[in-house]
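Have a look at the structure below before the remarks.
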Amino acid sequence: MLTAVGLGPGDPELLTLSAVRHLQEADRVFVPGGIARNLVEPYCTPVELSFPMSHDETVISKQIEQNAEIIAPIAEIGNAVFGIIGDPNIFSTFSRLCVVIREKHPKIQISTVPGVSSITALTSVTGIPINGGFSVSDGSSDLVRIQMKVRRPREAAERLKKQGYHRFVLVERMYMEGMKIWRDDLPDESNYFSLLFAEKAL
């Protein structure tokens, strides 16, 4: 089992209770660098892996493959945790690591624990709340849209299809009692506590 744990934007007090529990219960914890190491050291003794900040894709890919081979033996027989700053699924090195592990070690189960991302932390640091639609980008073209409070998900998906979106996932009452997840075959109506994930083809 390999679990990626979001460590938040840099303040050790912003680690979630779930993150701390996973760090303490892991057979081994891996981190990608010194900042992440400092965040987890109050709870465990991590193994620091090298993830070079490089524009050379060959160098990056080679290092990710090497790191995957360090993590895999632990994840195959026990509980490996990968601690990463922010959230493990948003602009994260972990997503690239997953591709390699799923390809070379398909029997390893992979899960993630969400963390406070820099996107949500920004509003607290600046004191500027967001009360309408907003966009987050790394400068590349938008491929994903997340829509909140989707009362009529099937209608919403039909509108988004006209904009080039083709893959849809609806999550209702996320992390609450009665959570439901629909993939592509969406219901006509949904709960106030709902989010619709839509993705364009690459």
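Counting only strands (runs of 3 or more DSSP E) that fall entirely inside the range 1-95 and contain at least 3 residues that are in contact (Cβ under 8 Å) with a residue 60 or more places away in the chain, the qualifying elements are 2-6, 80-84. So for the range 10-24 (the condition being open to solvent by 40 Å² or more (accessible area, probe 1.4 Å), closer than 17 Å to residue 97 by Cβ, modelled with pLDDT of 95 or more and of a type outside the set (A, V, I, L, M)), does at least one residue qualify? The answer is no; no qualifying residue exists.
None of 149, 107 is of a type in the set (D, E, K, R), over 24 Å from residue 182 (Cα atoms) and out of contact with any Gly (no Cβ under 6 Å at 6 or more places or on another chain) except 107. Here residue 190 fulfils each of the conditions (1) within 17 Å of residue 119 (Cβ to Cβ); (2) over 21 Å from the mean Cα position of the chain (by Cα); (3) touching a residue at least 40 places away in the same chain (Cβ under 8 Å) apart from (1). The residues of the range 153-179 that are out of contact with any strand residue (DSSP E or B) (no Cβ under 6 Å at 6 or more places or on another chain), basic (Lys, Arg) and open to solvent by 90 Å² or more (accessible area, probe 1.4 Å), listed by number, are 154, 159, 161, 162.
For residue 150, the criteria (1) exposed (fewer than 12 other Cβ atoms within 10 Å of the Cβ); (2) assigned to a loop (DSSP other than H, G, I, E, B) hold in every case but one, which is (1). Selection of the range 180-194 for residues being touching a strand residue (DSSP E or B) at 6+ places or on another chain (Cβ under 8 Å) and either outside any strand (DSSP E or B) or more than 22 Å from residue 130 (Cβ to Cβ) (or both) yields 180, 181, 182, 183, 184, 186, 187, 190, 191, 193.
The rows are residues; the columns are (1) under 18 Å from the mean Cα position of the chain (by Cα); (2) buried (at least 18 other Cβ atoms within 10 Å of the Cβ); (3) of a type in the set (A, V, I, L, M, F, W, C); (4) farther than 27 Å from residue 144 by Cβ.
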position	(1), (2), (3), (4)
54	no, no, no, no
64	yes, yes, yes, no
88	yes, yes, no, no
92	yes, yes, no, no
116	yes, yes, yes, no
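When the test is whether a residue is aromatic (Phe, Trp, Tyr) and in contact (Cβ under 8 Å) with a residue 24 or more places away in the chain, residue 165 passes it.
Given the condition surrounded by 14 or more Cβ atoms within 10 Å (Cβ to Cβ), among the polar types (S, T, N, Q) and under 15 Å from residue 5 (Cα atoms), answer yes or no: does some residue in the range 74-84 qualify? The answer is yes; a qualifying residue exists.
Would you confirm whether any residue within the range 129-143 is assigned to a strand (DSSP E or B), under 18 Å from the mean Cα position of the chain (by Cα), surrounded by 10 or more Cβ atoms within 10 Å (Cβ to Cβ) and among the hydrophobic types (A, V, I, L, M, F, W, C)? Looking for residues that are assigned to a strand (DSSP E or B), under 18 Å from the mean Cα position of the chain (by Cα), surrounded by 10 or more Cβ atoms within 10 Å (Cβ to Cβ) and among the hydrophobic types (A, V, I, L, M, F, W, C), one finds none in the range 129-143, hence no. Screening residue 103 with (1) in a strand (DSSP E or B); (2) open to solvent by 20 Å² or more (accessible area, probe 1.4 Å); (3) without any contact (Cβ under 8 Å) to a residue 60 or more places away in the chain; (4) not aromatic (Phe, Trp, Tyr) gives one miss only, at (1).
The values are calculated or read from the model by the stated rules, or taken from the named source; none is laboratory data. A quick note: this is a predicted structure, and the numbers were derived from the prediction, not measured. Reconstructed Cβ throughout: ideal geometry from the backbone, glycine too, with neighbour counts over all protein chains shown. In case anyone asks, the SASA skips ligands and DNA or RNA and just uses the protein heavy atoms, side chains included. Shrake-Rupley method; radii C 1.70, N 1.55, O 1.52, S 1.80 Å.
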